[in-house]
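Let me begin by presenting the structure, written as structure tokens, before commenting on it.
The values are calculated or read from the model by the stated rules, or taken from the named source; none is laboratory data. Bear in mind that the values here come from a model prediction, so they are computed numbers and not experimental data. Positions of Cβ are generated from backbone atoms using ideal geometry, with glycine treated the same way; all protein chains shown enter the neighbour counts.
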Amino acid sequence: MARKKVGDILIEKGVISEAQLEQALAEQKKTGRKIGQILVESGLITENQLIDTISERLKIPKISLDSMVIDPSVIELVPVEVARRYCLVPAFRIGDNL
């Protein structure tokens with residue numbers, strides 16, 4: 001089954017209307033920018049609402065790195081090139097999993 005799109009999830013939750021999504025999609029078509037970026041920059045949603053929606057869409061829990069202390073030995077497990085390429089930060093290790 002295909003994943004729901006970010007805009008559709010936001011409509012289902014009552015965060016935005018179909019008209020607002022259509023307007024944002026028109027902007028996306030003109031500019032090529034991502035729909036989430038357009039919705040946040042236009043003030044229709046907050047960055048946290050976007051993060052929550054993407055987390056729900058991908059079925060990946062979100063974590064806040066603001067107050068997290070990351071063990072340097074965990075960071076060393078991922079080569080810098082890999083971290084940059086995939087935009088990732090290993091936050092913690094559970095067994096053999098990062």
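Among the residues of region 5-14, not a single one is surrounded by 11 or more Cβ atoms within 10 Å (Cβ to Cβ), small (Gly, Ala, Ser) and free of Cβ contacts under 8 Å to residues at least 24 places away in the same chain.
All conditions in (1) of a type in the set (Val, Ile, Thr); (2) assigned to a helix (DSSP H, G or I); (3) at pLDDT below 95 hold for Ile63, with the sole exception of (2). For residues that are in contact with a helix residue (DSSP H, G or I) (Cβ under 8 Å, 6 or more places away or on another chain) and not charged (D, E, K, R), scanning just region 84-98, find the one that is surrounded by the most Cβ atoms within 10 Å (Cβ to Cβ). For region 84-98, the residue satisfying everything is Pro90. Among the residues of region 46-85, those identified as of a type in the set (Ser, Thr, Tyr) and farther than 21 Å from Val6 by Cα are Ser67, Ser73.
This table checks each residue for (1) closer than 25 Å to Arg93 by Cα; (2) surrounded by 10 or more Cβ atoms within 10 Å (Cβ to Cβ).
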residue	(1), (2)
Glu18	no, yes
Glu22	no, yes
Leu25	no, yes
Lys34	no, yes
Gln37	no, yes
Ile51	yes, yes
Leu58	yes, yes
Ser64	yes, no
Val69	yes, no
